[in-house]
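Notes follow once the structure below has been shown.
The values are calculated or read from the model by the stated rules, or taken from the named source; none is laboratory data. In this text the structure is predicted, and so the values were computed from the model without any measurement. As a convention, Cβ positions derive from the backbone with ideal geometry for all residues, glycine included, and neighbour counts pool all protein chains shown.
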Amino acid sequence: MSTAAAESRLKFHLFFWYGVIGVTALILGFFLAANLLTILLLVSGLAWLMLLPYHAYLSFYLAMTTLGSALILPFLPGRPYLWEFAALLAWTGVVMTFSLRRYQPDFPAVFRANRLLFWASAGYCLVLVVTMFHRGFGLRILGSGQMGGRFYIQQLICAVFPLLFIMVRTDEKLLTRLFVAQCLLTSTYLVSDFVFSMASHRFFVLLQFFELPNDALNFEMQALRFGVRRFQSLAFCGQGFIFFLLVFYNLKEFVSRRGVWLLPLITAVFGLSLLSGHRVVIAIVGMTLLFCGYAQRFFTIRNCLVGFIGGLVLLALLYSYADRLPLALQRSISVLPGLRIDSQTKMDAVSTIVARKVMFKVGLAMIPQYFWIGRGFARYAGDSSYTWDMVSFLINQGTYWNGFIGLMVNTGVFGTLFMLMFVLAGSKLAWNIVRHLRTHGCADNFARFCSIAAGLWLANVLAFLFLHGDSEWAMKTFSLQAGMLLVCNYHLGKRLTAATVSA
């Protein structure tokens with residue numbers, strides 16, 4: 001081809017693309033003047049396509065950092081969390097990564113080693129799809145009186161996280177930093193909670209960017225009726241900051257010289273988290289610390305003696321001054337026998353326990369009716385078959401405060417079996433991590449992060465099955481945590497292999 005022909009062809013291509021850009025600019029300008037939402041959707045769609053090859057990594061970073069935070073996609077209906085949006089990115093990211101063969105080299109081996117977890121996840125999703133079509137589902141659109149479809153969608157899209165986590169290429173430092181960011185971002189719930197309950201209306205615009213805690217509205221109504229003011233955000237933030245400390249400090253350091261300031265600090269943070277009034281915080285944090293302590297070989301005679309004496313002193317202070325503590329904190333420690341607390345707080349705490357017992361019995365009675373195909377997560381306004389209003393409301397919500405009962409009623413026997421298989425496979429993985437750390441040491445930040453991830457999984461499983469479990473959040477609760485366990489176990493295995501080869 002001659003130089004003149006090449007220049008002519010180049011000019012034609014430039015003219016063509018400048019023309020495309022010009023026409024696009026005119027169209028966007030027209031829509032911008034006509035409808036801002038349309039231009040936003042067009043730009044978002046264009047960005048989605050341009051970033052398609054990077055969806056897997058964007059999803060991974062976004063999910064790891066924003067899990068447990070209040071950050072949402074602003075101005076969208078349904079107020080989706082950023083990490084839920086990350087799950088949508090994960091689906092396209094997994095397809096692109098697999099198609100382009102950009103997954104990590106050990107992906108097939110890791111998948112085969114954990115195939116029970118993935119088959120259980122797929123089986124549970126299949127049960128959800130069958131239940132959706134058999135029982136119906138709705139999003140409260142087009143005049144439909146049925147709702148609850150979001151619970152199906154959330155669980156189905158979040159089921160991709162374990163697969164995503166073993167496909168992307170990661171390293172120990174990156175995982176630790178992302179988990180530290182996750183712990184710190186739990187503080188975003190403080191913004192929404194205090195704006196909603198204490199700030200003036202002019203600050204309510206912040207709620208377009210931060211989601212409220214689950215029970216914020218209920219707690220505000222209770223504060224107006226009973227006088228017990230609770231902030232659920234303190235539970236999230238306190239738990240996150242405790243795990244933040246545990247990443248950088250071994251449990252043994254809390255009873256060493258550093259314990260002079262570490263022990264009061266973590267005790268103060270734990271005390272602030274109890275101002276949420278949640279008794280389950282004590283169980284989750286306590287069980288996580290027990291598993292971490294076992295992994296880190298903390299439970300020596302000396303450390304147990306120090307902990308026993310410290311516990312006795314703390315109990316003596318609680319029993320002496322319990323009735324002078326804030327009402328929300330009194331509610332959190334009301335599980336202690338013989339504790340003298342405010343009568344109003346005691347009534348509030350006891351009523352919750354009574355409601356749990358009632359719903360446990362109601363759920364057991366409903367299991368035979370929905371044994372083969374579950375009731376599902378669809379809800380209807382005014383759907384009630386029980387005389388007590390609170391019981392009717394909870395049945396309509398599909399809430400039984402017990403993971404096993406909720407799964408049996410809402411997903412049937414097959415959904416329950418698949419979810420229990422998923423949880424069992426994850427628990428086996430978590431226990432392997434704990435045993436590995438106990439054998440090979442827990443001397444760096446990544447190893448301590450692994451001990452927290454494994455301990456938190458085991459604590460959440462026990463709480464889900466025996467203390468407080470919501471079946472509509474089962475896959476949403478455990479999927480991303482299962483992904484973290486998979487990458488933790490993978491990198492710990494690589495460490496062991498490298499040490500064996502070098503030896």
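What the table shows:
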read-out	value
In region 120-141, residue surrounded by the fewest Cβ atoms within 10 Å (Cβ to Cβ) [restricted to those that are among the small types (Gly, Ala, Ser) and part of a loop (DSSP other than H, G, I, E, B)]	GLY136
Residue match in region 225-237 (condition: under 22 Å from the mean Cα position of the chain (by Cα), outside the structural domain of TRP473 (by TED's automatic domain parsing) and among the β-branched types (Val, Ile, Thr))	no
Any hit, region 225-246, residues being surrounded by fewer than 17 Cβ atoms within 10 Å (Cβ to Cβ) and free of Cβ contacts under 8 Å to residues at least 24 places away in the same chain	yes
Of all residues in region 170-206 being in contact with a Ser or Thr (Cβ under 6 Å, 6 or more places away or on another chain) and over 18 Å from ILE452 (Cβ atoms), the one that is modelled with the lowest pLDDT	ASP193
Odd one out for LEU305 among (1) in the same structural domain as CYS442 (by TED's automatic domain parsing); (2) without any contact (Cβ under 8 Å) to a residue 12 or more places away in the chain	(1)
ALA109 vs. criteria small (Gly, Ala, Ser) and surrounded by fewer than 14 Cβ atoms within 10 Å (Cβ to Cβ)	yes
Test: residue in region 81-97 that is assigned to a loop (DSSP other than H, G, I, E, B) and at pLDDT below 90	no
Output for region 221-266, where each listed residue is in contact with a Cys (Cβ under 6 Å, 6 or more places away or on another chain) and among the small types (Gly, Ala, Ser)	GLY240
Hits in region 259-285 (condition: among the small types (Gly, Ala, Ser) and under 19 Å from CYS442 (Cβ atoms))	GLY259
Residues of region 325-358 classified as among the charged types (D, E, K, R), closer than 15 Å to VAL228 by Cβ and either within 26 Å of the chain's Cα centre (by Cα) or assigned to a helix (DSSP H, G or I) (or both), total	3
Helices (runs of 4 or more DSSP H) contained in region 158-224 and holding at least 1 residues closer than 30 Å to GLY493 by Cα and touching a residue at least 60 places away in the same chain (Cβ under 8 Å)	161-167, 172-185
Test: residue in region 436-452 that is surrounded by fewer than 23 Cβ atoms within 10 Å (Cβ to Cβ), out of contact with any strand residue (DSSP E or B) (no Cβ under 8 Å at 6 or more places or on another chain), among the small types (Gly, Ala, Ser) and part of a helix (DSSP H, G or I)	no
Residue list for region 98-119, filter: over 22 Å from MET475 (Cβ atoms) and either in a loop (DSSP other than H, G, I, E, B) or in the same structural domain as LEU486 (by TED's automatic domain parsing) (or both)	LEU100, ARG101, ARG102, TYR103, GLN104, PRO105, ASP106
